[in-house]
């Protein structure tokens, strides 16, 4: 058994997705992630992350039997290709410095076999930041969130509380005014160091366990 990623192109018709999922379920396979979109040629494209696949060849064969399916492509799992994911949100200057530390540290670990990817989004405004943080619950492979700003509270704090409750997520923030610091696992003054620690906290190749520090520790 192993995990796979497949891309299916099919006619854009009602009921095709149901036909595809019925085949997958009949083989005892779990769908852990899906992404659907329409190509310019009006073909539907479905990207699926699959778990517990016994016989990938049988699955592809059965999927190709569906009349509306045009092609089935097999890929490695996104977790194997892009691995764990760190999201950095906040003001542009702070985000860029956190990213500098995170990318530099991720490079050290990825050379040794890790796959850690860094995503950034410079944003201003309480509503925009809260919306971006809440959306993390809908993103795959996110292991850590870094809050890089000068002042965060209110709706942002509520969004952080929600994603921590719903996900197994490490939250690191810069030392700043606002209630968000009360809900971070670690508070770090230096943004570059925050990026470094974010990577170390999720890397299997790092001898570092953030849970041993306790909550709301400041550096």
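The values are calculated or read from the model by the stated rules, or taken from the named source; none is laboratory data. Note that the structure is predicted; figures quoted are calculated from it, not measured. Every residue, glycine among them, receives a Cβ derived from its backbone with ideal geometry; neighbour counts consider all protein chains shown.
Overview of values
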| item | result |
| --- | --- |
| Failed item in (1) in a helix (DSSP H, G or I); (2) without any contact (Cβ under 8 Å) to a residue 60 or more places away in the chain; (3) under 15 Å from residue 89 (Cβ atoms), with residue 171 passing the rest | (1) |
| Residues that are within 30 Å of residue 137 (Cβ to Cβ) and either buried (at least 16 other Cβ atoms within 10 Å of the Cβ) or in contact with a helix residue (DSSP H, G or I) (Cβ under 7 Å, 6 or more places away or on another chain) (or both), drawn from region 57-77 | 59, 63, 72, 74, 77 |
| Complete set of residues in region 144-168 that are modelled with pLDDT of 95 or more, under 16 Å from the mean Cα position of the chain (by Cα) and either not in a helix (DSSP H, G or I) or not assigned by TED's automatic domain parsing to the domain that holds residue 87 (or both) | 144, 145, 146, 147 |
| Residue count, region 1-41 (criterion: in contact with a strand residue (DSSP E or B) (Cβ under 7 Å, 6 or more places away or on another chain) and assigned to a loop (DSSP other than H, G, I, E, B)) | 5 |
| Whichever residue in region 124-142 is part of a helix (DSSP H, G or I) and in contact with a helix residue (DSSP H, G or I) (Cβ under 6 Å, 6 or more places away or on another chain) and, among such residues, is surrounded by the most Cβ atoms within 10 Å (Cβ to Cβ) | 133 |
